[in-house]
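Written out below as structure tokens is the structure these notes cover.
Nothing in this text is a laboratory measurement; each read-out follows from the coordinates by a stated rule. It should be emphasised that the depicted structure is a prediction, and the values quoted were computed from it without experimental measurement. Glycine gets a Cβ as well: all are built from the backbone with ideal geometry, and neighbour counts include every protein chain shown.
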Amino acid sequence: MGQLQAKPAPIEFDPAQTALIVVDMQNAFASKGGLFDLAGLDISGAGTAISATHRVIEAARAAGIPLVFLQMTYSPGLSDAGGPDSPNYQKELGQIMMRQRPELAGKLLVRGSWDWQIVEALKPKDGDIVVEKSRYDGFTRTGLAETLRRLGVRNLLFTGIATNICVESTARHAFFEEFWPILVEDAVNHAGPDFNRQATVWAFEWVFGWVTQTEDIVAALSGVRAAAAE
């Protein structure tokens with residue numbers, strides 16, 4: 001058991017009760033030619049988030065922390081995407097663009113497509129958990145809560161994209177499920193204006209969890225490993 005530097009205050013941190021949640025680090029949201037890029041959204045911060053997430057992943061692997069990769073996924077026939085009476089059908093960007101631009105049909109977030117794949121730098125390894133989801137929230141219709149409870153997890157470290165959409169949606173649900181959400185601020189990237197990022201960081205710090213940095217995660221895990229070796 002150690003401490004993790006975080007805002008608004010340090011918290012107790014036990015790797016044995018911690019999981020890393022890597023949210024939607026897919027070509028769709030992080031790569032040139034992916035969904036966000038095609039929609040004209042700024043993805044310039046994705047590279048920094050990928051690099052920071054890679055550092056957190058390596059530190060987590062060394063400490064034996066379970067890795068959970070969330071992956072926004074639609075079946076090829078979009079049977080799990082929702083019909084016209086679903087708000088997901090009306091608001092989710094991939095579906096909207098596939099309807100508006102027929103040449104993109106079946107190519108955005110559809111299982112097996114390049115857009116759907118997790119970026120090469122962060123590919124899951126054997127033993128990692130991959131959870132496909134058809135909604136912004138990683139807990140909805142996935143069994144994620146049960147998986148985490150089976151692993152004995154309390155703390156959830158969040159990295160990924162987009163800070164203010166799927167990361168925040170999943171972390172809010174985690175709070176309601178009695179997990180402790182911790183946002184790794186430099187390992188996420190937001191969609192839209194910067195005030196979206198600011199709002200999510202504020203909500204984590206004061207309402208739904210805690211905010212930390214990659215350096216603090218690495219230091220905390222290194223400290224725990226050093227103590228265990230003594």
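So which of L108, L148, L144, L122 ends up being touching a Phe, Trp or Tyr at 6+ places or on another chain (Cβ under 7 Å) and either in contact (Cβ under 8 Å) with a residue 12 or more places away in the chain or of a type in the set (D, E, K, R) (or both)? From the options L108, L148, L144, L122, the qualifying one is L148. Checking the stated criteria, D85 turns out not to satisfy the condition of being touching a Gly at 6+ places or on another chain (Cβ under 9 Å), surrounded by fewer than 16 Cβ atoms within 10 Å (Cβ to Cβ) and either aromatic (F, W, Y) or assigned to a loop (DSSP other than H, G, I, E, B) (or both). Considering every residue within the stretch 30-42, establish whether at least one is within 26 Å of I182 (Cα to Cα) and in contact with a Ser or Thr (Cβ under 9 Å, 6 or more places away or on another chain). No. Residues that are closer than 23 Å to N88 by Cβ, touching a residue at least 60 places away in the same chain (Cβ under 8 Å) and among the small types (G, A, S) within the stretch 175-203 comprise A191, G192, listed in sequence order.
Looking at this structure, is V211 within 30 Å of G40 (Cβ to Cβ) and in contact with a strand residue (DSSP E or B) (Cβ under 7 Å, 6 or more places away or on another chain)?
On the way: within 30 Å of G40 (Cβ to Cβ): yes; in contact with a strand residue (DSSP E or B) (Cβ under 7 Å, 6 or more places away or on another chain): yes.
For V211, the condition - within 30 Å of G40 (Cβ to Cβ) and in contact with a strand residue (DSSP E or B) (Cβ under 7 Å, 6 or more places away or on another chain) - is met.
Is there a residue being of a type in the set (V, I, T), surrounded by 13 or more Cβ atoms within 10 Å (Cβ to Cβ), over 30 Å from F13 (Cα atoms) and in contact (Cβ under 8 Å) with a residue 40 or more places away in the chain anywhere in the stretch 63-76? Checked against the condition, which is being of a type in the set (V, I, T), surrounded by 13 or more Cβ atoms within 10 Å (Cβ to Cβ), over 30 Å from F13 (Cα atoms) and in contact (Cβ under 8 Å) with a residue 40 or more places away in the chain, the stretch 63-76 yields at least one hit.
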